[in-house]
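Beneath this line is the structure, given in structure tokens, with notes to follow.
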Amino acid sequence: MKVFIFALSLLVLAVCYFCWRWGGADVTSYSVKYSIERWQKDPTKVSVSDIDAALDKTDTMINAWPQRAEYYDLKAKVLWYRAVVAKTLTEANPFLLDAIEMHDHAILLRPQWPYSWSSRSLLKSYVGQLDDDFYLGFDAAAKYGPWEKSSNLMLLEAGLVSWGEIGSRYTSLTVQAAERAAAHDPQSVKVLLKKYGKKYPVCSQMQISPRQTKACS
């Protein structure tokens, strides 16, 4: 009986430890998400020290719960901001490549999550990696999350960045992403089309609708 009670106590302690560890990782993730929201509101106030602190938190989260795909996506987002505040493209590229690797991990763990696919394709467009994984992101994100606004906006931007290099099939998928994104947020589509100077080639192929008209006005 004493042996049984001792073994049961060890089991309870182990369960409590892992619950505490996983719970702590989730609490930490809220802190990282809050930081990202703050950076999005005012990118001019993003500091390297803030980003490095957030990266340390994401490492803690991943170490505590390495099977949680969301944590890898979060770290990729933080790495993207680290690339943004870099002084040169040469300095920024390693952070973008690390972010791509984080999305690779997330996709392996959660292959049906469109955000990971579209975000990876966008990052690959930034560094000029127009490989099979870049193109696969268009198909997978459209398949698994055609209603996801952020995913469609990232696919649209990925296509705009690489517009002259991706061929008719993927320019067509870029236009489709623009149509889906415009259904939810025509203003953001308009901003991206203006930013990359692709208003005419995209809008001329989009299906005409009130939202399309607003995005292309």
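The values are calculated or read from the model by the stated rules, or taken from the named source; none is laboratory data. Everything numeric here is computed off the predicted structure, so don't read it as measured data. Using ideal geometry, Cβ is built from the backbone for each residue, glycine included, and neighbour counts are taken over all protein chains shown. Keep in mind that these areas ignore ligands, DNA and RNA; they rest on the heavy atoms of the full protein, side chains included. Shrake-Rupley method; radii C 1.70, N 1.55, O 1.52, S 1.80 Å.
Quick notes on this structure:
- Residue in region 108-120 that is free of Cβ contacts under 8 Å to residues at least 12 places away in the same chain and either more than 30 Å from GLY167 (Cβ to Cβ) or among the polar types (S, T, N, Q) (or both) present: no
- Of the candidates THR28, THR58, THR90, the single residue that is in a helix (DSSP H, G or I), open to solvent by less than 80 Å² (accessible area, probe 1.4 Å), of a type in the set (Val, Ile, Thr) and modelled with pLDDT of 85 or more is THR58.
- Failed criterion for GLN40 (all others in (1) farther than 21 Å from PRO114 by Cβ; (2) without any contact (Cβ under 8 Å) to a residue 24 or more places away in the chain hold): (1)
- Any hit, region 9-25, residues being open to solvent by less than 40 Å² (accessible area, probe 1.4 Å) and either modelled with pLDDT of 95 or more or closer than 26 Å to SER150 by Cβ (or both): yes
- Top-ranked residue in region 191-217 [being assigned to a helix (DSSP H, G or I) and open to solvent by 100 Å² or more (accessible area, probe 1.4 Å); ranked as nearest to THR174 (Cα to Cα)]: TYR200
- Restricting attention to region 93-110, the residues that are more than 20 Å from VAL32 (Cα to Cα) and open to solvent by less than 20 Å² (accessible area, probe 1.4 Å) add up to 1.
- For region 111-127, the criterion of being within 24 Å of SER188 (Cα to Cα), β-branched (Val, Ile, Thr) and either part of a helix (DSSP H, G or I) or open to solvent by 50 Å² or more (accessible area, probe 1.4 Å) (or both) is met by at least one residue.
- Per this entry, LEU153 is not counted among residues that are surrounded by fewer than 21 Cβ atoms within 10 Å (Cβ to Cβ) and of a type in the set (A, V, I, L, M, F, W, C).
- Residue in region 139-150 that is touching a Ser or Thr at 6+ places or on another chain (Cβ under 6 Å) and in a helix (DSSP H, G or I) present: yes
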